[in-house]
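Let me begin by presenting the structure, written as structure tokens, before commenting on it.
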Amino acid sequence: MKQLQSHIACDGARRLDVLGLISLMLLSMLVIWSCGDERTEPPTAPDPGYTRTIVLAQDAVSNGQEVTMTFTVDSELAPVTLPGVDQPARLYLTAYIRPDDDILWRESIIDDSIPAWEDPVLEYQIAIEETETDIEALTALVDSCEANPECPGDSLTELQTALADAEAVLTAWQDSLAAANADTTRLGLVRDSLAVVVDDRFRLALKFDDDPFLAYPNAIYADEDYALSGQAIYLAATGANELKGKTFSLDLAQFNAADVNNMGRPIELNWTTCFSGVDRPCLSPGSHSFTVSLTGNETYVSAVLVLVYAEEVQ
């Protein structure tokens, strides 16, 4: 009985110790709070800039006609601090064309006509090399026989005849190789000529708002006839739908287009920055439009605009 009372007494003492510790901790916290917390909450952070993606057109039929796409800029775009790095507006413009006979002809030359000469040309080159080796050996034998009085006349005649035959064979192989090279060169000229024609035939043009300037992105005027080159839509792979599609990724703060006043050199355009006192459209808050046209008998355009808005400080 005394042991039980002693155990209860000890257990009660431990509980009192724990309660005392808790009380001391609460008292310490009360003292700290009463003295005030020198820490302050940080100022409200600015809302981060955000990106908005706008689908402007999806497989819109052009066929050389204009396709107008309207959109709204909700607020100020992010500033351009590092030109070429900061991109507050990017336009992804995809051109789809139906390959015509000239494009197919060019591809046939590249894929079939020129490769068809590869094996014959190699055969001619090997035959020429082998025949030249035979001629060297026969020439040495003829020279040796002519220098040796004991060489029979019939042997010399046979060697001379064999040498003449080998030389005739060599001439035939050389003529074949020359014809192959000439035809390959002709095909190459046709290929290059077709490239100039179809590059100019399929023109992707872009206008912004009411600006009369007609921009041909990623292109130049190649000569005084204003033939356009550089867009190379005809080089795109042909898809399962038998169309060729090429996407132009345009940083609207800095992209190149053909310059009618400077043949062979592009002009750099900036459609994002609004300059004070300059009367030209820019991507200011409000309604805007792009007008796109793609020449060709059967053409389509798709467009997606990505805008990066500036931070809004609270």
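The values are calculated or read from the model by the stated rules, or taken from the named source; none is laboratory data. Source: prediction; values computed, not measured. Using ideal geometry, Cβ is built from the backbone for each residue, glycine included, and neighbour counts are taken over all protein chains shown. Heads up: the accessible areas ignore ligands, DNA and RNA and are worked out on the full protein's heavy atoms, side chains in. Shrake-Rupley method; radii C 1.70, N 1.55, O 1.52, S 1.80 Å.
Some observations on this one:
- Counting residues in the range 93-111 that are closer than 30 Å to T72 by Cβ, open to solvent by 80 Å² or more (accessible area, probe 1.4 Å) and in contact with a strand residue (DSSP E or B) (Cβ under 7 Å, 6 or more places away or on another chain) gives zero.
- Out of T295, T272, sole residue that is surrounded by 17 or more Cβ atoms within 10 Å (Cβ to Cβ) and farther than 19 Å from Q87 by Cβ: T295
- Taking the criterion of being touching a strand residue (DSSP E or B) at 6+ places or on another chain (Cβ under 6 Å), of a type in the set (S, T, Y) and surrounded by 18 or more Cβ atoms within 10 Å (Cβ to Cβ), the residues of the range 195-253 that qualify are Y216, Y221.
- Test: residue in the range 286-296 that is among the aliphatic types (A, V, I, L, M) and within 22 Å of V67 (Cβ to Cβ): yes
- Only one of the numbered conditions (1) in contact (Cβ under 8 Å) with a residue 40 or more places away in the chain; (2) within 29 Å of D279 (Cβ to Cβ) is not met by T247, and that is (2).
- Taking each residue of the range 225-237 that is assigned to a strand (DSSP E or B) and looking for partners that are open to solvent by 20 Å² or more (accessible area, probe 1.4 Å) and of a type in the set (G, A, S) with beta-carbon atoms closer than 6 Å, six or more apart or interchain, yields S229/A222.
- Subset of the range 170-203 [among the aliphatic types (A, V, I, L, M) and in contact with a Phe, Trp or Tyr (Cβ under 7 Å, 6 or more places away or on another chain)]: L177, A180, L194, V198
- Restricting attention to the range 198-214 and to residues that are among the hydrophobic types (A, V, I, L, M, F, W, C) and modelled with pLDDT under 95, the residue that is farthest from the chain's Cα centre (by Cα) turns out to be F213.
- Look at the range 67-95: where a residue is closer than 30 Å to G239 by Cα and a partner is assigned to a loop (DSSP other than H, G, I, E, B), sitting 6+ places away or on another chain with Cβ atoms under 6 Å, you get A89/L252; A89/T272; A89/L283; L91/L252.
- Of the listed requirements (1) more than 24 Å from the chain's Cα centre (by Cα); (2) free of Cβ contacts under 8 Å to residues at least 60 places away in the same chain, E268 misses just one: (1).
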